[in-house]
Amino acid sequence: MATLRSYGAAQEVTGSCHLLRLDNGLRILVDCGMFQGEQEEEKNRAPFGFDPKKVDLLVVTHAHLDHVGRIPKLVKEGFDGIIVATRATFELAQVVLMDSAKLMEEEYRTRFRKAQRRGEEKRVPKPLYTTEDVEATWLLTHIHAKYDKPLKLLKGVRVTFRDAGHILGSATVEIAFREKGALKRIVFSGDLGNRHDMVTPHIEPVPRADALFIESTYGDRNHKNIKETVAEFKAVVRKTLLNRGNVIIPSFAIERAQEVLCILKDMYRKRELPHCQVFLDSPMAIKATHLFSKYHDQLGPKCRRFYDEDGDVFDFPYLHLTCSVEESKRINEVERGAIIIAGSGMCTGGRILHHFKNRLWNERNSVVIVGYQAEGTLGRMLVDGAKWVRLWHEDIRIRAKIYTINGFSAHADQKGLVEWMKQIDPLGKVFLVHGEKEKQKAFKKAIRKKLGKKAHIVAPKERIHL
Ligand code: ZN
């Protein structure tokens with residue numbers, strides 16, 4: 001009997017890594033993500049818990065770091081099988097992994113220099129992988145999956161990708177194989193999108209599943225109404241600009257930045273946006289935005305219309321893409337009327353901190369929080385009403401207005417998850433992954449109530465017989 005074990009994203013939201021073993025000996029890994037969070041470095045360094053050399057196939061649902069971040073480590077440790085993903089996922093993953101490797105290399109150099117002064121440089125752990133390791137990853141055989149076109153792979157296994165509507169290229173994955181003559185279909189939801197999203201709203205139904213592994217990030221709640229959310233965002237932007245201030249938006253580079261650009265462009269076209277300069281101040285978000293534009297035919301109707309009418313999904317006359325450090329520094333000279341979108345999304349590093357240093361003290365300015373801020377991050381401190389922040393040994397008084405706009409999400413909420421599940425007919429066993437345990441318990445109850453089904457919360461490394 002086929003079995004599955006989760007080596008990440010079991011009762012937690014990061015580190016997605018699920019190993020499917022078939023009766024015929026085939027081993028299929030679904031995602032190989034990084035654990036994210038302050039205490040997680042050790043988990044990323046630890047052995048996988050299985051032999052990478054024995055994995056035949058790596059199926060990748062989408063290019064977020066918590067789904068692809070350990071692939072170069074997998075390759076370093078001997079994986080030389082086949083990688084399957086959509087073309088857009090491969091391209092986005094290259095951007096994400098290169099950025100991750102560069103950050104780790106930089107951090108290593110800084111730690112090494114400091115340790116050298118103490119004579120302890122030998123103790124500094126090497127980066128998990130380097131940019132060269134990332135390049136080596138792409139030398140392996142990879143197969144481009146198209147949505148809805150089943151791929152015949154090793155030993156009669158068929159894999160079907162369907163649009164998950166989460167980020168560009170994201171997919172749900174159906175793995176079908178024969179066991180003792182009978183056809184079995186195992187479905188992984190990957191991360192399931194929010195159908196109210198402007199950029200990637202398409203979530204395709206899956207016809208049937210003998211076993212479903214579904215994410216449960218927001219299994220315990222429903223999102224705020226998106227129309228109200230967008231209206232709130234637009235009002236804050238207008239008010240700040242008309243008050244001769246600047247708007248600072250910390251944003252994740254993939255999906256949220258593009259969503260924000262779309263709304264701003266929409267405002268511009270409807271003449272709702274006062275004259276201003278919009279800076280996308282993040283090399284990674286700029287690269288991602290180009291890729292989103294390249295695959296415009298996979299985006300939502302509004303994005304496609306922008307493309308048809310303007311020749312580009314996101315560009316509009318007020319927009320500046322500031323890639324270099326010099327260009328980024330020059331934004332400081334803009335006294336008023338700037339909208340600055342920069343990373344990191346939770347304000348734990350990156351260019352956003354420089355903009356905070358230059359602008360947080362001024363009460364005319366606004367910080368608009370459009371994404372989730374984890375406990376312990378600077379972003380969360382702002383949301384919680386901090387009065388001061390310390391940046392580069394300097395105390396900065398927070399006088400700018402902080403607006404938290406809660407309705408944006410790249411993930412389906414409880415209602416979205418349940419509706420998607422309803423379309424799967426017949427639906428066999430249900431397993432919950434990719435969620436915090438308390439939220440999974442609430443989701444499990446909702447599944448019981450709304451679908452009359454029992455769901456199982458997958459424990460780390462638990463062996464599940466399918
Ligand atoms: Zn994701």
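The values are calculated or read from the model by the stated rules, or taken from the named source; none is laboratory data. Note that the structure is a prediction, hence the values are computed from the model and not measured. Reconstructed Cβ throughout: ideal geometry from the backbone, glycine too, with neighbour counts over all protein chains shown. The area values use the complete protein model at the heavy-atom level, side chains included, leaving out ligands, DNA and RNA. Shrake-Rupley method; radii C 1.70, N 1.55, O 1.52, S 1.80 Å.
Against the empirical 2.2 N^0.38 Å scaling, what ratio does the C-alpha Rg of the range 234-337 come to? Kindly include the intermediate steps, with their values, before the conclusion.
On the way: Rg = 13.6 Å, N = 104, 2.2 N^0.38 = 12.8 Å.
Cα Rg divided by the expected 2.2 N^0.38 Å: 1.06.
Where only protein heavy atoms count, and the probe is 1.4 Å, what is the accessible area per residue for the range 199-288 in Å²? Write down the numbers at each step before the final one.
Numbers: 3290 Å² over 90 residues.
Here the per-residue accessible area is 37 Å².
Determine the percent antiparallel among the DSSP beta bridges restricted to the chain, to the nearest 5. Display every interim value, and only then the final one.
On the way: 29 of 70 bridges.
Approximately 40 percent, going by the DSSP bridge assignments.
With everything on Cα atoms, drop me the angle between helix 301-310 and the longest principal axis of the chain, reported from 0 to 90° to the nearest 10.
Once rounded, one gets 50 degrees.
Compute the semi-axes of the equivalent ellipsoid of the range 344-466, taking the square root of 5 times each eigenvalue of the Cα gyration tensor, and list them largest first in whole Å. Write out the running numbers ahead of the final one.
Working: eigenvalues 351, 50, 24 Å².
For the range 344-466, the ellipsoid semi-axes come out as 42, 16, 11 Å.
Could you compute the net charge surrounding LYS422? Neighbours are other residues with a C-beta less than 15 Å from the C-beta of LYS422; K and R count +1, D and E count -1. The partial results should precede the final answer.
Values: positive: ARG195, ARG208, LYS415, ARG448, LYS449, LYS450, LYS453; negative: GLU204, ASP413, GLU419, ASP425.
Residues near LYS422 contribute +3 overall.
Using a 1.4 Å probe on the protein heavy atoms, what percent of the accessible area of the range 289-352 belongs to carbon and sulfur? Please report the intermediate quantities before stating the final value.
Details: 1500 of 3180 Å².
Its accessible area is 47 percent carbon and sulfur atoms.
Please state the relative contact order of the chain as a whole percent: Cα pairs under 8 Å, 6+ residues apart? Display every interim value, and only then the final one.
Values: 997 pairs, mean separation 86.2, N = 466.
Worked out over the chain, it gives 19 percent.
Find the percent of Cα-Cα distances in the chain that exceed 30 Å, and round it to a whole number. Please list the in-between numbers first.
Numbers: 50361 of 108345 pairs.
Across the chain, Cα pairs with separations above 30 Å total 46 percent.
How far, in nm, would the chain grow between HIS296 and ARG463 when pulled straight, counting 0.36 nm per residue and subtracting the alpha carbon separation? List each step's numbers first, then the result.
Numbers: separation 167, 0.36 × 167 = 60.12 nm, distance 4.08 nm.
Net length gain for the segment: 56.0 nm.
Suppose R0 equals 25 Å; then what is the FRET efficiency for ILE143 and LYS54 from their Cβ-Cβ distance, rounded to the nearest 0.05?
0.80
Along Cα→Cβ, 7 Å out, is where each label goes; now give me the distance between the ones at GLU309 and SER324 in nm to one decimal.
3.4 nm
Past 31 Å, Cα to Cα: identify those pairs from LYS265/LYS445; LYS76/LYS302; LYS184/LYS449; LYS146/LYS224; LYS224/LYS461; LYS302/LYS441, in the order given. All intermediate terms of the calculation are to be shown ahead of the outcome.
Values: LYS265/LYS445 41 Å; LYS76/LYS302 42 Å; LYS184/LYS449 27 Å; LYS146/LYS224 33 Å; LYS224/LYS461 35 Å; LYS302/LYS441 37 Å.
In this structure, LYS265/LYS445; LYS76/LYS302; LYS146/LYS224; LYS224/LYS461; LYS302/LYS441 lie more than 31 Å apart at Cα.
Could you tell me the accessible area of PHE112 in Å² (1.4 Å probe, neighbours in place), rounded to the nearest ten?
For PHE112, the solvent-accessible surface is approximately 60 Å².
Per-residue ellipticity at 222 nm for the chain, helices alone: DSSP H runs ≥ 4 residues times -39500 (n - 2.57), over residue total, nearest 500 deg cm²/dmol?
On the way: 14 runs with 150 residues, N = 466.
Only helices count here, giving -9500 deg cm²/dmol.
Principal axis lengths of the range 226-404 from Cα atoms, whole Å, largest first?
48, 31, 29
From largest to smallest, what semi-axes in whole angstrom does the range 146-289 give when each is the square root of 5 times an eigenvalue of its alpha carbon gyration tensor? Numbers along the way, then the final one.
Details: eigenvalues 336, 49, 26 Å².
Each semi-axis is √(5λ); the values are 41, 16, 11 Å.
How many nm separate the modelled label positions at MET98 and LYS76, each set 7 Å beyond the Cα in the direction of the Cβ?
It is 1.9 nm.
Using the alpha carbons of the range 1-142, what is the convex hull volume per residue in cubic angstrom, as a whole number?
Values: hull volume 15.0 nm³, N = 142.
So the per-residue hull volume is 106 Å³.
If the reach is capped at under 17 angstrom between alpha carbons, list the aspartates and glutamates near LYS180, excluding any in the same chain fewer than eight residues apart.
ASP23, ASP210
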